[in-house]
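Okay, structure first, notes after.
The values are calculated or read from the model by the stated rules, or taken from the named source; none is laboratory data. Source: prediction; values computed, not measured. Because the Cβ atoms are built from the backbone with ideal geometry, glycine has one as well, and the counts that use them run over all protein chains shown.
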Amino acid sequence: MSKLIIANWKSNPDSSGNAALLAAKIEKEISSVRGVEAVIAPPYHFFSEVKNNIRKAQLGAQNMFWENVGPFTGEISWRHLRQLKIKYVIVGHSERRRLLGETGEMINKKVIAALENGLHPVLCVGEQTRDAEDDSSVKDALSVALSGVKRNWLKNLVVAYEPVWAISTTPDSKPDTPANAFRAGIHIRKIITSLFDAKSAQQARIIYGGSVNSKNIWRFLGEGKMQGALVGASSLKPEEFAEIVAIAAKTK
Ligand code: PGA
């Protein structure tokens, strides 16, 4: 399976001109890279600027609403994303859980709506702290988020292991170690196996997020056995992001 590298621009950059420029620079740098899926998830407001400047990279989304079109003020539904031919949509990012009160039940509805409608959700899970008492949080988050999911949908599921303490904007953050990411990947696969079965669980893709850069990516993909990365801060630096994509293309 080819590696999946997703640029999570969050609420950046500051203008549509800069979004177009950033997308064009990334595209130029990665246009000849093969064997990796590179996705740019910009704010909705910049969808067309990004889409108009990419070919090799794909457009992705940072969030979606679970209902079809209708009276849902401020929301962008799965149908809107489908119209833009978007494949990957980030769901349940810790910033949305924390700042906007997104609950497990809401995330579950989004995961189901995405999978039912042919989108590939990138479901974010991860511990808040490094404390051992947080150990059950990934299991709890996955059990709630995947409730009602059909096993034959798992081939379109991406789980992003994002320990909150490793996200670059968390105070005193530090990237996780590849060894811990490896353990987390096995743990996540076991939880999905217990919820479904081993064969179906094998189909889901597990990626890592949290202070990924061009220096540490190869270790997360190699030693950590991660199948890709969700990249925040480094995705706003085109050369840096392109380097991450290039390294992912070379990692078996
Ligand atoms: P970071 O963000 O790469 O800046 O740590 C990752 C994320 O929040 O998705």
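Take the residues in region 11-32 that are within 20 Å of the chain's Cα centre (by Cα) and not acidic (D, E), then tell me which one is surrounded by the most Cβ atoms within 10 Å (Cβ to Cβ). So that I can check it myself, show each step before the final result.
Narrowing region 11-32 to residues within 20 Å of the chain's Cα centre (by Cα): 11-13, 19, 22-23, 26-27, 30.
Still in the running and not acidic (D, E): 11-13, 19, 22-23, 26, 30.
Values: S11: 10, N12: 16, P13: 16, A19: 23, L22: 25, A23: 24, I26: 27, I30: 23.
Ranking the candidates gives I26 first.
Is there a residue in region 34-44 that is over 19 Å from the mean Cα position of the chain (by Cα) and more than 14 Å from the ligand (Cβ to nearest atom)? Working first, answer last.
Restricting attention to region 34-44, the residues satisfying the condition of being over 19 Å from the mean Cα position of the chain (by Cα) are 34.
Subset that is more than 14 Å from the ligand (Cβ to nearest atom): 34.
Looking for residues that are over 19 Å from the mean Cα position of the chain (by Cα) and more than 14 Å from the ligand (Cβ to nearest atom), one finds at least one in region 34-44, hence yes.
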Near pairs, Cβ below 8 angstrom, 6+ apart or cross-chain, from region 209-236 (β-branched (V, I, T)) to any residue that is part of a helix (DSSP H, G or I): V212/F220; V212/S234; V212/I244; I217/I244; I217/I247; I217/A248; V231/F241; V231/I244
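With E162, E127 as the choices, which residue is modelled with pLDDT under 95, within 16 Å of the ligand (Cβ to nearest atom) and of a type in the set (D, E, K, R)? Write out each step before concluding.
Values: E162 fails: modelled with pLDDT under 95.
Sole residue among the options that is modelled with pLDDT under 95, within 16 Å of the ligand (Cβ to nearest atom) and of a type in the set (D, E, K, R): E127.
Which of the residues spanning region 146-163 are in contact with a Lys or Arg (Cβ under 8 Å, 6 or more places away or on another chain) and either among the β-branched types (V, I, T) or at positive phi (or both)? Outline the logic, then answer.
Let us first name the residues in region 146-163 that are in contact with a Lys or Arg (Cβ under 8 Å, 6 or more places away or on another chain), namely 157-159, 163.
Within region 146-163, V158, V159 meet the criteria.
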Complete set of residues in region 126-177 that are touching a strand residue (DSSP E or B) at 6+ places or on another chain (Cβ under 8 Å), of a type in the set (G, A, S) and part of a loop (DSSP other than H, G, I, E, B): G126
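Across region 187-241, what is the number of residues that are assigned to a loop (DSSP other than H, G, I, E, B) and among the aromatic types (F, W, Y)? Talk me through it step by step, then tell me what you get.
Narrowing region 187-241 to residues assigned to a loop (DSSP other than H, G, I, E, B): 196-197, 204, 210-216, 222-227, 232, 237.
Filter again for among the aromatic types (F, W, Y), leaving 196.
Counting residues in region 187-241 that are assigned to a loop (DSSP other than H, G, I, E, B) and among the aromatic types (F, W, Y) gives 1.
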Region 198-224: number of residues that are away from the ligand (no atom under 16 Å from the Cβ) and farther than 16 Å from V36 by Cβ: 8
Unique residue being touching a Leu at 6+ places or on another chain (Cβ under 8 Å), modelled with pLDDT of 95 or more and basic (K, R) when the list is K51, K56, K28: K51
All positions within region 201-252 that are of a type outside the set (F, W, Y), crowded, with 24+ Cβ neighbours inside 10 Å and closer than 20 Å to P13 by Cβ: G209, V212, L230, V231, S235, I244, V245
Subset of region 190-200 (residues that are over 14 Å from K155 (Cβ atoms) and either buried (at least 24 other Cβ atoms within 10 Å of the Cβ) or among the basic types (K, R) (or both)): K190
